[in-house]
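Single-structure report; data block below.
The values are calculated or read from the model by the stated rules, or taken from the named source; none is laboratory data. Keep in mind that this is a model prediction, so the values were computed, not measured. Every residue, glycine as well, gets a Cβ built from its backbone with ideal geometry; the counts of neighbours run over all protein chains shown. With ligands, DNA and RNA removed, areas are computed over all heavy atoms of the protein, side chains included. Shrake-Rupley method; radii C 1.70, N 1.55, O 1.52, S 1.80 Å.
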Amino acid sequence: MSLNVANCDRCGKVYVKNIHGLCPNCIKDLERQYERCIKYLRENRQCTIQELSDATEVPIKQIVRFIREGRISIKNNPNMTYHCEVCGAPIRENLMCEPCRARLAKDASMLKEDEERRKEQEKQKDRGSAYKIKERLQDRL
Ligand SMILES: [Zn+2]
Ligand SMILES: [Zn+2]
């Protein structure tokens, strides 16, 4: 027997599982927060994320989630930015700023290169020792 219940990701209450991972109360609550944000953004084109959060009482973290989920568009709100997850620079899309993304991509390819270099070195070492054995054998002959 499996109980089809879980703890809400947001408020921790037990609820009957659904695809949102949230209890019905939180879903409704989020919906209201979302609507408040949309309305405020429409009426206050120049607002910052801090102003939006203060005015709507929606936590910045939640606003950022809305933006990342693509539910809130900030195209028309030039002052709306949030922080890059790595360096904290103001960004308007994705998780990270451009330089951090470029650096991360470089790190990833460097890791791969390192790995390949290491494998190559190991191969060389194997070849080297095989060669030495042959030499040693030849010495004995
Ligand atoms: Zn909840
Ligand atoms: Zn960054």
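Only residues that are open to solvent by less than 80 Å² (accessible area, probe 1.4 Å), over 14 Å from the mean Cα position of the chain (by Cα) and either acidic (Asp, Glu) or within 7 Å of ligand 2 (Cβ to nearest atom) (or both): list them for the stretch 85-110, please.
ALA89, ASP107 - these are the residues of the stretch 85-110 that are open to solvent by less than 80 Å² (accessible area, probe 1.4 Å), over 14 Å from the mean Cα position of the chain (by Cα) and either acidic (Asp, Glu) or within 7 Å of ligand 2 (Cβ to nearest atom) (or both).
Filter the stretch 2-27 for residues that are open to solvent by 60 Å² or more (accessible area, probe 1.4 Å) and on the phi > 0 side of the Ramachandran plot and give the result.
Of everything in the stretch 2-27, nothing turns out to be open to solvent by 60 Å² or more (accessible area, probe 1.4 Å) and on the phi > 0 side of the Ramachandran plot.
Would you mention how many residues in the stretch 78-130 are hydroxyl-bearing (Ser, Thr, Tyr) and closer than 29 Å to PHE66 by Cα?
Final tally of qualifying residues: 2.
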